[in-house]
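Any read-out appearing in this document is the output of simple, stated calculations on the displayed coordinates, not a laboratory observation. Keep in mind it's a predicted model, so treat the numbers as computed, not measured. Reconstructed Cβ throughout: ideal geometry from the backbone, glycine too, with neighbour counts over all protein chains shown.
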Amino acid sequence: MAVRSRSRSSRANWRDPWRLAGLLALLVLLIFIVYPQLWIVTAAFTSDTGEFTLDRFAAFAADDRFTAPLVHSVVVSLAVAAGAALVAVPLAFVMARYRVPGREAVLTLLTMATTSPPFLGAYAWLLLLGSGGIVTKAAREAGVPLPFDSILGVGGIIWVGVWFTFALIFLMVYDAFRAVDPALEEAALSVGSTPWRAHWKVTLPLAVPAIVTGCYLAGMRIFADFGTPMLIGGGYQMLPVVVYQNFMSEVAASPGVAATASIVMVLVSGLALVAQRRIVARRSFAVTGGREQPLRELRGLPRALTLGGIWTALLLGFVPHLVVVLTSFLRWQSGILQWEPTLDNYRRLFEESLQPIVLSFVFAGIACLLALVTGVVVAYIVARKRFRISGPLLNNLVMVPYILPGTVFAIGFILAFNHLPVILTGTALIIVVAYFIRRLPYVMKSIETALAQVHPSLEEAAMSVGAPPRRSFRDVVVPIIRPAVISGGTVGFLQMITELSATVMLYAVPWVTMTVVIFTNAMQPGSPFGVASAMTTVLLVSVYVPLYLLRRRYNIRSI
Amino acid sequence: MDISIEGVSKSFGETTALESVDLRVPSGRLVTLLGASGCGKTTLLRIVAGFETADTGSVRFGERDLARVPVWKRRIGFVFQSYALWPHMTVAENVAYGLRLRKLPKQEIAAKVAAGLAMVGLTGREQRRPGQLSGGQQQRVALARALALEPDVLLMDEPLSNLDAKLRIEMRREIRRIQQETGITAVYVTHDQDEALEISDLVAVMNGGRVEQIGAPEDVYDRPETTFVASFVGTVTLLKGEVTADGGLALGGGATVALGRPPGPPGAVVNVALRPEDLRLVDAGAQFTGTVVRSSFQGSGRESVAELPGGEHVTFEHRRPLATGATVGLVADRFTVVERDTGLA
């Protein structure tokens with residue numbers, strides 16, 4: 001009897017279609033995550049003659065062409081995180097506690113700001129404040145002295161970074177402030193604390209995990225960002241740019257230097273993740289439940305200051321968008337803006353550059369579908385199945401791209417897939433796969449969160465009334481997680497269509513995306529800025545229209 | 001359709017959940033699996049349903065061996081502790097889902113849904129979503145859904161534990177009525193002894209992955225076979241002692257009590273179970289004399305605890321108030337000798 005039922009259960013296990021799907025997903029992750037990273041590790045630890053060596057790391061540490069950018073990257077990331085938090089935390093606190101007119105509009109705009117293309121800020125601020133920028137030139141002609149020559153340099157990177165990331169911190173911290181049970185502050189008041197002391201000693205510490213997580217996300221965006229320092233860094237070197245230049249110029253000779261720098265980058269972002277996890281784990285108090293925070297009235301000067309602060313921050317956050325849209329409707333002549341309205345830019349865009357638009361949509365669309373299917377499989381197995389080996393393996397592997405900067409990711413792909421057994425370089429497929437794998441962690445996490453809301457008994461109930469597992473998955477699980485799948489997919493799509501740092505290394509003519517066109521235009525003085533602006537406008541429309549529809553339908557936030 | 005469970009064992013990793021359980025549920029009867037959390041009762045129910053696979057042993061509905069039959073072909077109705085209503089479907093759709101899977105004609109489905117909702121008293125709520133119903137109403141929908149397919153057996157996993165006390169009593173009577181009207185064989189898991197005693201034809205008391213006793217509610221209460229059963233079901237005083245030559249009981253504390261008749265052959269060590277209602281306060285001729293250490297008012301009567309000279313505590317029922325510290329004399333009108341000592345609940 002014992003023998004019979006044991007063999008039955010193991011056979012039933014192998015008949016489970018999730019097992020096969022899980023193995024397929026695992027295979028995909030091994031090929032596209034582990035295999036390329038192994039190539040980077042190999043390249044970093046072997047000498048040009050093919051022996052194991054640590055010399056490359058010693059050389060890295062001794063060469064200030066690398067150590068200076070490393071220090072710069074870390075310092076700038078910390079500065080941006082701190083600056084963005086300084087802007088975001090007070091605003092979030094006021095918004096969470098006081099009645100602010102136009103709250104919904106402000107929240108919508110902030111959500112939009114978190115999904116703006118990563119290089120947009122640099123490009124637009126360059127148009128305004130570059131050495132030949134609109135504002136700098138106008139000021140020079142009018143004889144108004146400016147405190148700086150141009151935005152190029154470390155100050156510019158931090159300035160752009162702060163306005164690019166503050167919305168991210170704001171939304172996280174705002175949610176945390178809203179979730180604080182008012183009873184906790186009342187308790188502080190009841191034992192004789194003043195309101196401000198209660199805020200300082202009770203509310204703020206409760207929001208620390210959200211602040212730390214927001215700062216981590218903001219800092220990592222800048223640390224891994226290639227477009228911003230490339231466009232406005234001037235002579236100020238940061239790691240992604242150095243790695244990119246090194247790899248692109250050296251690729252024929254030896255990829256070892258870039259690989260070494262890549263590993264350093266991954267180490268830094270891994271350390272940042274560990275630090276964030278430790279701080280959050282130590283202080284994560286469950287403060288959900290309880291009452292909603294009541295919104296208090298705000299009058300007079302504080303009210304004016306609050307509104308002024310919020311809208312100034314929003315305006316600065318959206319300067320890039322406004323500049324790009326505006327300049328797309330103005331005439332440019334050999335890199336110089338003529339104040340003359342025109343639709344010429346759009347005419348030229350659709351005549352000459354329709355293909356990148358279509359390609360961007362196709363690449364991001366296919367990659368998004370792949371990420372959704374794989375995300376559902378992995379999330380379901382992680383949340384529901386007790387697979388002893390493939391379960392934990394999938395759960396950990398799928399998160400690896402989360403700490404891989406786009407530049408590193410692309411180098412791994414090139415090293416791994418420019419020779420047999422898998423050749424992908426130069427094809428369109430490599431971009432699709434890169435988008436798919438890079439955004440998989442985000443898509444998977446959003447589905448996993450939704451699945452956690454579907455109690456297993458809901459599926460069991462369906463089986464008890466006669467639905468086989470496949471049927472109960474279709475009729476019960478899918479409808480319930482559909483909103484999360486759609487919103488996770490949309491956010492993934494938006495991040496893919498605005499991806500630059502990996503695309504710029506992986507693309508090959510004719511597989512050019514919108515982001516590549518905009519970037520190459522922005523890098524060349526005298527190039528058709530109008531067309532690039534028009535294309536950025538198209539990109540913005542393709543990002544914000546889906547986001548708007550999504551937010552209206554599901555009321556979600558994108559992080 | 002009767003249910004036979006034979007030699008079912010199950011372990012999760014190192015922990016043994018069930019140890020060779022045998023149980024027979026006669027056709028048309030309601031059996032409760034009663035026990036504390038972790039005793040294996042839910043695991044046993046889930047094995048009967050097919051959600052878990054037994055390591056060894058067999059489960060049969062009638063003559064049908066279920067070893068190779070998956071949940072969706074077992075013809076069961078299952079009611080979950082968490083209700084498990086599908087939030088994206090209306091009440092009517094929840095009840096109709098299984099019928100639709102059977103591809104029954106539309107009118108027949110509509111008629112069955114209407115009849116099912118009428119049975120649980122929810123006519124008129126067809127188009128509500130589960131989230132718009134109270135807990136009690138949700139559990140009624142779950143019951144209607146489980147019964148809509150006219151299954152062979154109805155399995156219920158602590159269906160009332162998420163409801164408040166008053167509703168729980170109302171709903172358990174409702175479940176009993178529906179079970180008797182439909183004549184369905186039912187297994188009901190609970191940790192609440194009052195619930196088990198009220199609604200069951202048979203109560204199976206479980207402890208540590210085993211069934212300690214199965215019997216009618218009266219048998220389990222009046223004639224517990226083990227000390228665990230005696231102490232889990234209802235309030236009880238268990239006195240352990242050696243039977244003396246003159247038929248008394250020599251307690252561990254040194255005192256000897258005469259119980260009216262010898263609880264066993266002289267020299268035997270026995271456990272004597274006394275229910276509070278079996279003890280009576282007397283002014284003279286007391287079998288036990290002790291000091292009141294605790295007395296509580298319970299509405300219909302009072303329940304007090306007296307400490308015997310040897311330190312044993314005896315719980316008894318009475319009506320008039322008693323002061324703590326008072327000396328009382330008690331007589332046992334009846335007592336039960338418990339066969340096996342399996343520890344206390």
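A simple spin-label model places pseudo-atoms 7 Å from Cα toward Cβ; at A:Thr342 and A:Thr108 they are separated by 3.4 nm. When chain A is described by a simple charge dipole with +1 on each Lys and Arg Cβ and -1 on each Asp and Glu Cβ, the residue from A:Gly155, A:Pro36, A:Pro90 located farthest towards its positive end is A:Pro90. Can you classify the stretch A:67-328 as rounded, prolate or oblate using the Cα gyration tensor, where a ≥ b ≥ c are the square roots of its eigenvalues, rounded means a/c under 1.5, and otherwise it's prolate if a/b beats b/c and oblate if not? Since a/c reaches 1.5 but b/c is at least a/b, the shape of the stretch A:67-328 is classed as oblate. A simple count of charges around A:Gly132, restricted to other residues whose Cβ falls under 14 Å of its Cβ and scoring Lys, Arg +1 and Asp, Glu -1, yields 0. Taking Cβ atoms as reference points and 15 Å as the exclusive limit, the residues near A:Phe119 contribute a net charge of -1, counting Lys and Arg as +1 and Asp and Glu as -1.
With 13 Å as the cut-off, how large is the P(r) tail for the stretch A:303-349, expressed as percent of Cα-Cα pairs? If you can, show how the numbers build up before the last one.
Numbers: 699 of 1081 pairs.
More than 13 Å apart: 65 percent of the Cα pairs in the stretch A:303-349.
Cβ-to-Cβ counts within 10 Å put A:Val280, A:Val382 in ascending order as A:Val280, A:Val382, the fewest first.
Taking R0 as 60 Å, what FRET efficiency do you get between B:Ala326 and B:Val69 from their Cβ-Cβ distance, rounded to the nearest 0.05? So the FRET efficiency works out to roughly 0.40.
Taking trypsin sites (Lys or Arg not before Pro) across the stretch B:275-328, the ones in a DSSP loop with at most 10 further Cβ atoms lying within 10 angstrom of their Cβ are B:Arg319. Classify chain A: rounded, prolate or oblate, from the alpha-carbon gyration tensor (a ≥ b ≥ c, eigenvalue square roots; a/c under 1.5 rounded; otherwise prolate if a/b is larger than b/c)? Here chain A falls in the oblate category.
Charging the Cβ of each Asp and Glu at -1 and of each Lys and Arg at +1, and nothing else, the dipole of chain A about its Cα centre rounds to 2280 debye. Candidates A:Cys368, A:Asn396, A:Thr312 compared by Cα position along the dipole of the stretch A:287-438: farthest toward the positive end lies A:Asn396, with charges placed on Cβ. Reported to the nearest whole Å, the Cα centre-to-centre distance from the stretch B:240-267 to the stretch A:53-83 is 87. A simple charge model with +1 on the Cβ of Lys and Arg, -1 on the Cβ of Asp and Glu and nothing else charged puts the dipole of the stretch B:3-228 at about 1260 debye relative to its Cα centre. In terms of surrounding Cβ atoms within a 10 Å radius of their Cβ, B:Lys103, B:Lys10, B:Lys41, A:Lys445 rank from fewest to most as B:Lys103, A:Lys445, B:Lys10, B:Lys41.
I'd like to verify something in chain A: which complete DSSP H helices, judged by Cα projection on the helix axis, reach 24 Å or more and average at least 0.5 on the Kyte-Doolittle scale? Numbers along the way, then the final one.
Values: long enough: A:64-97 (48 Å, 1.50); A:154-179 (37 Å, 1.67); A:204-224 (29 Å, 1.56); A:256-282 (39 Å, 1.41); A:300-328 (40 Å, 1.44); A:354-384 (45 Å, 2.12); A:429-453 (35 Å, 1.06); A:478-497 (27 Å, 1.35); A:529-554 (37 Å, 1.00).
Membrane-span-like by this rule: A:64-97, A:154-179, A:204-224, A:256-282, A:300-328, A:354-384, A:429-453, A:478-497, A:529-554.
What shape does the stretch A:181-336 take by its C-alpha gyration tensor, where a ≥ b ≥ c are the square roots of the eigenvalues and a/c under 1.5 counts as rounded, a/b above b/c as prolate, and the rest as oblate? Judged from the Cα gyration tensor, the stretch A:181-336 comes out oblate (a/c at least 1.5, b/c at or above a/b). Close amide H partners of A:Leu330, meaning residues 5 or more places away or on another chain with modelled amide H under 5 Å apart, are A:Thr342.
Applying 1/(1 + (r/R0)^6) with R0 = 25 Å to the Cβ-Cβ distance of A:Val274 and A:Leu54, what FRET efficiency is obtained, to the nearest 0.05? Using R0 = 25 Å, I get an efficiency of 0.60. Across the stretch B:236-338, the relative contact order, built from alpha-carbon pairs under 8 Å that are at least six residues apart, equals 30 percent.
Would you mind ranking B:Phe232, A:Phe361, B:Phe78 so that the residue whose beta carbon has the fewest other beta carbons within 10 Å leads the list?
On the way: B:Phe232 25, A:Phe361 15, B:Phe78 29.
If I rank by nearby Cβ atoms, fewest first, I get A:Phe361, B:Phe232, B:Phe78.
Counted by Cβ distance under 10 Å from B:Thr42, the other residues give a net charge of -1, where Lys and Arg count +1 and Asp and Glu count -1. In this simple spin-label model, placing a label point 7 Å from the Cα along the Cα-to-Cβ direction at both B:Ser27 and A:Lys137 gives a separation of 9.5 nm. With both labels modelled 7 Å from their Cα along Cα-to-Cβ, the A:Leu24 to B:Ala284 distance reads 9.2 nm. Using Cα pairs under 8 angstrom and six or more residues apart, how large is the relative contact order of chain A, in percent? Over chain A, the number comes to 21 percent.
Note on chain B: Cα Rg divided by 2.2 N^0.38 Å, N the number of residues, gives 1.19.
Cα centroids of the stretch A:184-207 and the stretch B:298-345: 52 Å apart.
I'd like the distance between the alpha-carbon centres of the stretch B:98-140 and the stretch A:405-474, rounded to an integer number of Å. Between the Cα centres of the stretch B:98-140 and the stretch A:405-474 lies a distance of 38 Å.
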